[in-house]
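Below: the structure, in structure tokens.
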Amino acid sequence: MGKLEGKVAIITGAAGSIGRKVAEVFLNEGAKVSLVDIDGSTLEEVKMKLEYENVLVVEANVSDEEDVENYVNQTLEKFGSVDILFNNAGIIGEMGPIHQQSLENFNKVLSVNTTAVFLGMKYVIPVMKKQKRGSIINTSSVDGLRGSPNMAPYSASKHGVVGLTKTASLEVAENNIRVNSIHPAPVYGNMMKTVHQSINKEYESQVEKKISRKIPLGYYANSKNIADLVLFLASDDSEYITGSSYRVDGGMGATS
């Protein structure tokens, strides 16, 4: 019997590398899964590759309140409950010092990275309260626990996720709902490719090597490293853990 047998999970940002891997791990552990992303065509490809029946695909803008309410309602209509919310959708945005950042970029990054986390919890928590159970995992970043030059909107948005996580955990503990945040180091995938290109489009491999030298283990995380932690926090193995910030960062936290 799988660790998530009979449970229903919503995964936002499901078209990305982390979302895909978490969906695969959850399904292997017996969960029914709703895949949510703004990229509907890629979501359908992900669903086909997973080759599981218990998968719902919902195209949604996670920073739009109506879309969020809709993906929660569709999940309830399809599966009857929501036991796990993995608030994972996120973007890097434009890079540069604060005095060169546009308000438009700042607002866009906070909308996807922070407002979406708030909205996801707003509509899932009432469901979990009725059930008297649930686990919410919010994706922050190593940059949600430190400063990060030239990434002020991203860093601010990920710090905001920490505040939302801790506050929510206190509000819902009496209902047996747990809320935790994860803080990945750089992860192989499209997001880091965007960072590499923003820094130096012609020498991406050199940029990766430079960033990797700042990680004590010396290399980027992969999606499975993140998925294994998310599974732990989603399952009953972590039944006494809430309001916590979990690093999966190759030792980066030991330097700060």
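The values are calculated or read from the model by the stated rules, or taken from the named source; none is laboratory data. All values derive from a computational prediction rather than experimental measurement. Every residue, glycine among them, receives a Cβ derived from its backbone with ideal geometry; neighbour counts consider all protein chains shown. Remember, those area values only see protein heavy atoms, side chains included, never the ligands or the DNA or RNA. Shrake-Rupley method; radii C 1.70, N 1.55, O 1.52, S 1.80 Å.
Taking amide H as placed 1.01 Å from N in the peptide plane, the amide H of residue 10 sits under 5 Å from that of 34, 84, 85, 86, each at least 5 places away or on another chain.
Relative contact order for the chain: 19 percent, from Cα pairs under 8 Å spaced at least 6 residues apart, divided by residue count.
Sorting 39, 83 by accessible area puts them as 39, 83; the probe is 1.4 Å, largest comes first, and only protein heavy atoms count. Annotation: amide H-H contacts under 5 Å for residue 151 (H modelled 1.01 Å from N, sequence separation of 5 or more, or interchain): 96. What is the log10 of I(q)/I(0) for segment 7-141, computed with the Debye formula using one identical point scatterer on each Cα and no solvent, at q = 0.13, 0.17, 0.22 Å⁻¹? Each listed q corresponds, in turn, to -0.52, -0.84, -1.32. Within the full protein context, the accessible area of residue 249 is estimated at about 20 Å² for a probe radius of 1.4 Å.
Residue-wise HN-Hα couplings along segment 72-81, as the Karplus relation 6.51 cos²θ - 1.76 cosθ + 1.60 with θ = phi - 60° gives them from phi, are 5, 5, 5, 5, 5, 5, 7, 10, x, 7 Hz; Gly and Pro carry x.
Each of 209, 166 has its accessible area taken with a 1.4 Å probe; listed largest first, they run 209, 166.
Other residues lying with their Cβ under 11 Å from the Cβ of residue 143 contribute a combined charge of +1, Lys and Arg counting +1, Asp and Glu -1. Sequence-ordered 3J(HN,Hα) estimates for segment 12-27 from the Karplus curve with 6.51, -1.76 and 1.60 and θ = phi - 60° stand at 8, x, 6, 7, x, 5, 5, x, 4, 5, 5, 4, 4, 5, 4, 5 Hz, glycine and proline given as x. With bins 5 Å wide beginning at 0, the percent of Cα pairs of the chain falling in each bin runs 1, 7, 14, 18, 21, 17, 12, 7, 3, 1, 0. Using alpha carbons only, how many degrees (0 to 90, rounded to 10) separate the axis of helix 190-200 from the longest principal axis of the chain? Tilt relative to the chain: about 10 degrees.
These residues, 48, 151, go from largest to smallest accessible area, 1.4 Å probe, as 48, 151. Tell me, which longest segment in the chain has none of the GluC sites (Glu not before Pro) that fall in DSSP loops with at most 16 further Cβ atoms within 10 Å? Here the longest run is 54-201. With every protein chain left in place and a probe of 1.4 Å, what is the accessible surface of residue 219, to the nearest 10 Å²? That residue has around 120 Å² of solvent-accessible surface. In order along segment 160-171, phi translates into HN-Hα couplings of x, 4, 4, x, 5, 5, 5, 5, 4, 4, 6, 6 Hz, rounded to whole numbers, per the Karplus curve 6.51 cos²θ - 1.76 cosθ + 1.60 with θ = phi - 60° and x for Gly and Pro.
Ligands, DNA and RNA excluded, the heavy atoms of residue 237 present near 90 Å² of accessible surface to a 1.4 Å solvent probe. The tail of the calculated P(r) for segment 64-150 beyond 22 Å holds 36 percent of all Cα-Cα pairs.
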